[in-house]
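Engineer: Mind looking over this structure? Questions follow.
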Amino acid sequence: MTKLVGISGSLRKGSFNSALLRSAAGLMPEDSELVVDTIRGIPLYDADVEVEEGIPERVAELKEAIVAADGLLLVTPEYNNSIPGVFKNAIDWLSRPDSDIKRVFGGRPVAVIGASPGNFGTILSQNAWLPVLRTLRTDFWAEGRLMVSRAPTVFNEDGTIAELKIEEQLRKYLEGFVAYVRRRNVPTR
């Protein structure tokens, strides 16, 4: 069984990216699973908090979920042509202390998708993630891209995908990423 952890970079209840993540969980290839996790509850990064109180419980829980998975799917909104602050903040916490970077991210297969109300999907946000993922020494899967444009027309009010074309693109993307993770033969840590 190939296990992925998926994280949406949005806190909004009606988030298109959270809807995309939930849809992905239902479209996984046979003998694979996508566990939907959240950045909700992660405080703003503060080195003083880290020194005085340690790693927050929610951060520690999410770290362990990532460590236990074979791969990581980041579902990113695009704010002001870049990475959402709350999402970057979560990754910053997950990379603390520095000694945990290798355990949590090092060599871990990671893929990035996203949905946006605009016409260009989340291309700028996805591109902005590349130096971050490189710095964390992840194994970024670059064989496929999925950027959902005009998200209000793609999703139904209940968050399900309304466009079969997008659903099929998501299914093929997940098949490709899971195949990549399996080829990497990364043991569950």
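Engineer: Only one residue in Arg40, Arg103, Arg12 is open to solvent by 10 Å² or more (accessible area, probe 1.4 Å), within 23 Å of Tyr180 (Cβ to Cβ) and charged (D, E, K, R). Which one?
Structural biologist: Going through Arg40, Arg103, Arg12 in turn, just one is open to solvent by 10 Å² or more (accessible area, probe 1.4 Å), within 23 Å of Tyr180 (Cβ to Cβ) and charged (D, E, K, R): Arg103.
Engineer: Then there is this: May I ask you to list the residues in segment 143-171 that are crowded, with 18+ Cβ neighbours inside 10 Å and either without any contact (Cβ under 8 Å) to a residue 24 or more places away in the chain or out of contact with any Gly (no Cβ under 7 Å at 6 or more places or on another chain) (or both)?
Structural biologist: Listed by number, the residues that qualify are Leu146, Ala151, Val154, Phe155, Ile161, Ile166, Gln169, Leu170.
Engineer: If you don't mind, there's one more thing I want to ask. With (1) more than 22 Å from Arg103 (Cα to Cα); (2) buried (at least 18 other Cβ atoms within 10 Å of the Cβ) as the list, and Ala25 as the residue in question, which single condition is left unmet?
Structural biologist: Among (1) more than 22 Å from Arg103 (Cα to Cα); (2) buried (at least 18 other Cβ atoms within 10 Å of the Cβ), Ala25 violates only (2).
Engineer: Of everything in segment 106-125, what is surrounded by 20 or more Cβ atoms within 10 Å (Cβ to Cβ) and outside any strand (DSSP E or B)? Give them in sequence order.
Structural biologist: Within segment 106-125, Arg108, Ser116, Gly121, Thr122, Ser125 meet the criteria.
Engineer: I'd like to verify a number: residues in segment 67-99 that are in a helix (DSSP H, G or I) and buried (at least 21 other Cβ atoms within 10 Å of the Cβ), how many?
Structural biologist: Total meeting the criteria: 5.
Engineer: May I ask you to list the residues in segment 1-52 that are in a strand (DSSP E or B) and either of a type in the set (Phe, Trp, Tyr) or farther than 27 Å from Tyr79 by Cα (or both)?
Structural biologist: Matches in segment 1-52: Thr2, Lys3, Ser32, Glu33.
The values are calculated or read from the model by the stated rules, or taken from the named source; none is laboratory data. Since the model is a prediction, treat every value here as computed from it, not as a measurement. Don't worry about glycine lacking a Cβ; one is built from the backbone with ideal geometry, like all the others, and counts go over all protein chains shown. For the accessible areas, the whole protein counts, side chains as well, though only heavy atoms, and no ligand, DNA or RNA atoms are used. Shrake-Rupley method; radii C 1.70, N 1.55, O 1.52, S 1.80 Å.
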